[in-house]
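Chemist: Okay, handing you the structure first.
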Amino acid sequence: MSVTTLPARAPAIGPDRTAPLRPSQFGVTAFTLFVLLLLTLAQQLGFIAGILYMKHMMDGVIESRNMDTLAALSLIFVGMVVISSVAGHFRTIMLTAAAERFGLRLKLEAMQAAVRNAVRTDAGSALPILRDISTVQRFFSGRTPAALLDLTGAVGAVALMFYLDFWLGVIGLVGIALSASMGALLVLTTRRLMRRSRDRLDAAQAELGSQFLHPDTVRGLGLLPATLLRWQAKYTAALDAEDASQHRSDTMHELDHFISQLVLMTAFLYGIWQVIENGATAGLLLAITFTMGAATHPFSTLFQNWSSWGHAMQAWQRLRRTMRRDGEPPVRPPEPEAATGLLIEELGFWPEGRKRPILQGIGLRVAPGTMMTVQGPNGVGKSTLLRLVLGLMPPTSGRVLLDGQDTWHCDRAAFGPRIGYLPQDVQLLEGDIFRNIGRGPEAVAADVVAAARAAGAHEMIGRLPLGYQTPSGATSGLSAGQRRLIGLARALYRQPRLLVLDEPEVGMDGQTRGLMRRAVEEAKARGAVVLLVTHEPRTWNDLTDLRLLLAKNGEWQLRPAEQDADIMGASLARVD
């Protein structure tokens, strides 16, 4: 007769997604990078060949007037340019393919994590995650990855400068060091401002978005001016932080440009001194002009675009945290020896930041063909329990099995058809009624009609102008009762083994409630487990077999249906 407790600190929620790459993945990635580097070096051959071509033209061909030499050098130069162009073309193809492949994998993992995050927290939390996905995708499909590879060209330019003159190469290294230092300083001086601006902007957009979820209330009660005034203050603060970051970034760019010009002037003066004192040719001056820019320009360009790849890095870090916390859980095979029906073992949920768990130590079994109602005051975790049972959230402790299959550690595509779920707020997808009931475009017409008949929605749908092809999205104009019946038909599609209803009677008239009761009764008769959250337990007295009573202090009690249904007390003892 005691209540089980959880440890003082809840363990981390969700699987660990920080595992290293598998050997095969690492090998493919390393080989791809190696090929890209080779192609980049081959692409730089055209530039290096151009510098050497002009130098030899200035130093040898013009003075000797040897046309054979001119023809030979020109032929070599054309060949190098062809090789450079072909290498650049294939590098672009590989970068595009890699970006698309990475983007597809990112979409699959991050968008699923965004949905799980929205289930675990709230719907608005998914919007910044989707925006981060877009930011990272734009980064990898843009010019920045190519700019990173172009840094190898700076190595070739420095090597060429050392080939021309040792001290010229030293000046080039000093220029690169100064440019890299300015870039690092730019990162250090703007990173915090950029993060602050992004956080404030996300907070402002989230606040305004939450208000727009209830536009009738905001406008009807005259709250629009106050809402906009509050939002504008936060939005202005976010823009001020962004302006401060941009101003500091512009200042650093101007300073970097000044240093680059100073280094180029130093190298050019050194070249003039070599011409005057050591008889160097004008070709050296021409080579200095091009090679010094080639050595320092990639670094300057890279850090001038710091705002883009800085935002991408921050977005990637946030996505990594989200995917670690809300990533796809590992699939576990069903347990053949487990009892059929719904089995809940020591189930607990302790969200981060809370002093006490919402649910703890729940253990029970619901046999096939059994209906159990979940009752209790608001805020005791009834909807949370449903989400844990459905495998929409990872439990902090314990597990839930449906016919031996762990509902969290499962293949959701294969497990989804075995469950039916009607939430409090019925959300129909954009599309027609047929696709909503059939859970996708590949639904079987006979199964869709059977589900609609089971939910008592078939006649209602038949009275609509377009029948099953009637649009059913947010702007379809369907009434709340119609949407709820369609949602119930979707939950009953293909006779799921587990039917979960969250306050299904809310907003329904007597006739609609009767249709829903009949659907629940038929689901029980064919052997489904029915789990129903309700504040009106007497409505379901004749169908209920078990009652799970939850209290705000985390205690719970399982009672047979014959006992009094109006139990809302705060002191419940766990029955072992």
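The values are calculated or read from the model by the stated rules, or taken from the named source; none is laboratory data. The shown structure was predicted, so the numbers you read here are calculated from the model rather than taken from an experiment. Cβ atoms come from the backbone with ideal geometry, glycine included; neighbour counts cover every protein chain shown. When the accessible area is computed, the model is the full protein with side chains, heavy atoms only, and any ligands, DNA or RNA have been set aside. Shrake-Rupley method; radii C 1.70, N 1.55, O 1.52, S 1.80 Å.
Chemist: If a/c stays under 1.5 just call it rounded; otherwise compare a/b with b/c (prolate if a/b is bigger, oblate if not). Do that for region 329-397, with a ≥ b ≥ c from the square roots of the Cα gyration tensor eigenvalues.
Modeler: Values: a/c = 2.27, a/b = 1.32, b/c = 1.72.
Taking the square roots of the gyration eigenvalues as a ≥ b ≥ c, region 329-397 is oblate.
Chemist: So if the hydrodynamic radius of region 410-552 is defined as the Kirkwood radius over C-alpha pairs, what does Stokes-Einstein give as its diffusion coefficient at 25 °C and 0.890 mPa s, in µm² per second?
Modeler: Working: Rh = 15.4 Å.
For these conditions, the coefficient is 159 µm²/s.
Chemist: Further question on the same structure: Based on alpha-carbon centroids, what's the gap between region 308-352 and region 473-512 in Å, whole number please?
Modeler: First find each Cα centre; the distance between them is then 28 Å.
Chemist: Just the accessible area per residue of region 351-478, please: how many Å² with a 1.4 Å probe? Present the calculation step by step, with values, prior to reporting the outcome.
Modeler: Working: 5530 Å² over 128 residues.
The answer is 43 Å² per residue.
Chemist: Going highest first, how would you order 174-185, 506-517, 379-390 by mean Cβ packing within 10 Å? Write down the numbers at each step before the final one.
Modeler: Details: 174-185: 17.5, 506-517: 14.4, 379-390: 21.1.
My ranking of the peptides, most packed first, is 379-390, 174-185, 506-517.
Chemist: Still on this model: I need the peptides 449-461, 337-349 ranked by packing, meaning the mean over residues of other C-beta atoms within 10 angstrom, with the highest value on top.
Modeler: Packing proxy ranking, top to bottom: 449-461, 337-349.
Chemist: Considering only DSSP beta bridges with both partners in region 451-571, what is the antiparallel share in %, to the nearest 5? Display every interim value, and only then the final one.
Modeler: Values: 5 of 10 bridges.
Bridges in region 451-571 that DSSP calls antiparallel: roughly 50 percent.
Chemist: With a 10 Å radius around each residue's Cβ, average the other Cβ atoms per peptide and rank 351-357, 428-434, highest first.
Modeler: Numbers: 351-357: 11.3, 428-434: 18.6.
Output ranking for 351-357, 428-434: 428-434, 351-357.
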